[in-house]
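The values are calculated or read from the model by the stated rules, or taken from the named source; none is laboratory data. Remember, predicted model here, so these are calculated numbers, not experimental data. Cβ atoms come from the backbone with ideal geometry, glycine included; neighbour counts cover every protein chain shown. For accessibility, only protein heavy atoms count, side chains too; no ligands or nucleic acids. Shrake-Rupley method; radii C 1.70, N 1.55, O 1.52, S 1.80 Å.
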Amino acid sequence: MECGEKLIILIDSGTTNSRIRLVHEEEKEIVEVIKLPVGVRNTAIDGHNNQLKQELSKGVKQVLAKHSLTQREVKYIVASGMITSNLGLHEVPHIESPASLEDFIGAVQVVKAEEFLNIPCLYVPGMKNAVTDSLEEELSVINQYDVMRGEEVEAYGLLKQINTEGKGLMILPGSHTKYVLVGQNRELLRCRSTLGGEVLKAVRDQTIISDSLNEKLVEEVIPEYVMKGYQAARKVGVTRSLYHIRLLHLFSKLDENERANYYAGVILSYDMEALEQMLEEEEVSWIMVGGSDPLRSLFYHLLTHVSDSASIVLADDEQVERATVYGTLEVGQSYFVNK
Ligand SMILES: Nc1ncnc2c1ncn2[C@@H]1O[C@H](COP(=O)(O)OP(=O)(O)O)[C@@H](O)[C@H]1O
Ligand SMILES: O=C(O)C(=O)C[C@@H](O)[C@H](O)COP(=O)(O)O
């Protein structure tokens, strides 16, 4: 590595997985990326964050060693996602919606800690919905409440790469599906989350249908079977359609991947219901689908069938990979410019 190059590290830690990226600050070029199967889910299960801390610390050291770098050659780290939650490494309170990129930058907290070799680490806050009604008076207003962490930088990173006009909605699936409403001035107006990704994993792992589906679930998206699962769920209900998976295993010629597609269609029908409700409340001129595959493609196919007047934009692999990088980089660079 040549001297004088400005390198930074970006850590994006979710519920299930974490990604550590070594990036050239100016060229915005990704030098290295590692994906670790660790997230705040481990903290929730263990009751402490040791595993998350150790694995992320090891990951950062591994990246440095691979590129023969010392900690002094890394200008700073930016950490976003669930790493800034009560289950992460350093808790930063959510800021309230509507929120602009500048609002997120203004609420960043910087920590120097041993696990990251005392490199200054910028923790980016998430966002919570502003609510008017009190839960103490009426429990059903809970549907107005929501939180997100990590999707704010992802959203800004996608908006930087893909032109949009007017108000829109971003679909960002992961362990949790996020619907993020974006205003015409690119402020994040509010969000709505579901437990979609985690439910996909939990039902597969903990029920009899684990005999009919392999752990990898969807290896190749087959729209026809996604739609068949989705339509079955809408017609006969989700729990009955889940039992179809066993029946298809016993009595049909569908292979594991085809059954997995049907299964994803069944589970995600719940997410589509939440989406339809949101679209009834809000008129949008575009809908963008980001997030990791195969969830991104699954949503895209479902969305094109639940037709709507909004234009549908599917982010590609490169745009998704760069989204978190561009978003977090902008936070990091602006933070130091403003200091
Ligand atoms: N092949 C697959 N088929 C169906 N769902 C998948 C598949 N791979 C990952 N998922 C879902 O994606 C979620 C993980 O998304 P990811 O974006 O990697 O994690 P995180 O939200 O922790 O950053 C898991 O909850 C899992 O259910
Ligand atoms: O802010 C919190 O406390 C959350 O749970 C937000 C959480 O849903 C987050 O935005 C999404 O997590 P994933 O990236 O889907 O793991």
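Quick notes
- Residue under evaluation M148, criteria (1) within 9 Å of ligand 2 (Cβ to nearest atom); (2) among the aliphatic types (A, V, I, L, M); (3) farther than 22 Å from T328 by Cβ, criterion not met: (3)
- T84 being within 13 Å of ligand 2 (Cβ to nearest atom), open to solvent by less than 40 Å² (accessible area, probe 1.4 Å) and modelled with pLDDT of 95 or more: yes
- Filter result (away from ligand 2 (no atom under 14 Å from the Cβ) and surrounded by fewer than 22 Cβ atoms within 10 Å (Cβ to Cβ)) within the stretch 22-44: H24, E25, E26, E27, K28, E29, I30, V31, E32, V33, I34
- Test: V78 is within 29 Å of G183 (Cβ to Cβ), touching a Leu at 6+ places or on another chain (Cβ under 8 Å) and crowded, with 20+ Cβ neighbours inside 10 Å: yes
- Residues satisfying the stated conditions in the stretch 163-211, i.e. outside any helix (DSSP H, G or I), touching a residue at least 40 places away in the same chain (Cβ under 8 Å), surrounded by 16 or more Cβ atoms within 10 Å (Cβ to Cβ) and more than 10 Å from ligand 2 (Cβ to nearest atom): T164, K167, G168, L169, M170, I171, Y179, L181, L188, L189, R190, R192
- The stretch 1-59: number of residues that are assigned to a strand (DSSP E or B) and of a type outside the set (G, A, S): 19
Conditions tested, residue by residue: (1) assigned to a helix (DSSP H, G or I); (2) open to solvent by less than 60 Å² (accessible area, probe 1.4 Å).
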residue	(1), (2)
F299	yes, yes
S309	no, no
E318	yes, no
E321	yes, no
T324	yes, yes
E330	yes, yes
S334	yes, yes
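- Selection over the stretch 268-297 of residues that are within 16 Å of ligand 1 (Cβ to nearest atom) and open to solvent by 10 Å² or more (accessible area, probe 1.4 Å) gives a count of 7.
- Every pair of residues 6+ apart whose Cβ atoms lie under 6 Å, when the first sits in the stretch 73-85 and is of a type outside the set (A, V, I, L, M) while the second is in a helix (DSSP H, G or I) and surrounded by 22 or more Cβ atoms within 10 Å (Cβ to Cβ): S80/V153; S80/T328
- Evaluation of G47 against the conditions (1) surrounded by fewer than 18 Cβ atoms within 10 Å (Cβ to Cβ); (2) closer than 14 Å to G14 by Cα shows that the sole unmet condition is (2).
- Scope the stretch 79-127; condition within 16 Å of ligand 1 (Cβ to nearest atom) and not in a helix (DSSP H, G or I); matching residues: A79, S80, G81, S85, L87, G88, L89, V124, G126
- Residue check: C191 meets all listed conditions (1) in contact with a Gly (Cβ under 7 Å, 6 or more places away or on another chain); (2) farther than 16 Å from I267 by Cα; (3) not polar (S, T, N, Q) but one, namely (1).
- Positions within the stretch 128-162 being among the acidic types (D, E), part of a loop (DSSP other than H, G, I, E, B) and open to solvent by less than 40 Å² (accessible area, probe 1.4 Å), in sequence order: D146
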